[in-house]
Amino acid sequence: MGKGKNQHVVKHPDGWAVKGAGNSKATKVTKTQKEAADVGRGIAKNQKSELLIHGRNGRIREKDSHGNDPRNVKG
């Protein structure tokens, strides 16, 4: 896996939040899930980590890895 903290997009009272794994405070709060995902994706790419997008129910609905994945993976 990558070097940085995985980034999570989660529901927030003011919209959607981007949080680094293990952080209690949001890195950024946005109005829409898409905005939060875009912010989180940029951070995950920069840190070579993974973006995990949670649905309104709190369950992970999408993952986007930006780590050092092997290039020759079949599938």
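The values are calculated or read from the model by the stated rules, or taken from the named source; none is laboratory data. These numbers were taken from a predicted model, which means no experiment stands behind them. Heads up, the Cβs are rebuilt from the backbone with ideal geometry, glycines too, and the neighbour counts pull from every protein chain shown.
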Q. If you go through region 48-71, how many residues are at pLDDT below 95 and either closer than 20 Å to Asp14 by Cβ or surrounded by 17 or more Cβ atoms within 10 Å (Cβ to Cβ) (or both)?
A. 1
Q. What tally of residues in region 17-32 results from selecting those that are of a type outside the set (Val, Ile, Thr) and more than 11 Å from the chain's Cα centre (by Cα)?
A. 7
